[in-house]
Structures are given as C-alpha cells and as structure tokens.
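Visitor: This structure is in structure tokens; I'll ask about it shortly.
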Amino acid sequence: MGFVARVIVNALMIYLAARIVPGIVLRGEPLWPALLAGLVLALVNAVVRPLLVLLTFPLTLVTLGLFLFVLNAFCLWLTSVIVPGFDVHGFRAAFLGALLITVVSWALTVFVSDSGRLGRL
C-alpha cells in the first residue's frame, strides 16, 4: 500500500509540476502520462537512484549533500525519456520539478509508513 501511495503522490506532484514549472509538459490527456510517470519515477528512485548515490558519493560528500538535488533532477529527466507524453526540457525545469517532487515525497515518507498507514500526525 505504501508503494501505491507513493506512486499516486508522485503522479499528483508531476501533474502539479507540469502546471507550475515551465519546461515540464504533459502531452495529450495529462492523467495517464502523469500516472505512468509516477510509477516510472518510483521505480527509478528504487532501482537506479541508489546506484547513482553510491557512485557519486565522493562528489556528494564534497558538496555537503547538495549534489543529491542534481541526482533527483537526473532521475526526473530519465523518467521523461522513458515515459511517452511526459517531457522535461532543460536542466532548470528538471531541477525545479525534482525539488518540488522531492519536498512532497519527503513529507510523505515522514507521515506515511511503508504499509500505507498514517504515522506521525
């Protein structure tokens, strides 16, 4: 249930980012590309991102963790490459969109457990 909640929140945040951030576009009917992008982003964050964090650990250490924002932007861009109908144009759009999605995903992690139950309210 926690994974499903994360996918839905990712999809909502991708939809919101497409409405707010110039350079992030959902083509056609925005619901389906947003849901698919939410699923792919959750999978990319679960599979690819840990490997990238491990490979770039020295750079992340030198930048005091700020390079993780760049990795989040890369994961959002990678999602846009995989999902048809979801486009991210440029680093600025990827960075701002990833920042928006990361803040809400962090809040979800704090308040919703992996089993999908509300926790620390």
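Visitor: Please list 18-27, 66-75 highest first by mean number of surrounding beta-carbon atoms within 10 Å per residue.
Guide: Result, highest mean first: 66-75, 18-27.
Visitor: Right, something else. Quick check for me: using +1 on Lys/Arg Cβ and -1 on Asp/Glu Cβ, what's the dipole size of the chain about its Cα centre, in debye to the nearest 20?
Guide: It works out to roughly 160 debye.
Visitor: Okay, helix-only estimate at 222 nm for the chain: each DSSP H run of n ≥ 4 adds -39500 (n - 2.57), divide by all residues, round to 500 deg cm²/dmol; what do you get?
Guide: -24000 deg cm²/dmol
Visitor: Given the chain, report the % of alpha carbon pairs whose separation exceeds 23 Å.
Guide: 29
Any read-out appearing in this document is the output of simple, stated calculations on the displayed coordinates, not a laboratory observation. Everything numeric here is computed off the predicted structure, so don't read it as measured data. Glycine also receives a Cβ, built like all others from the backbone with ideal geometry; neighbour counts cover every protein chain displayed.
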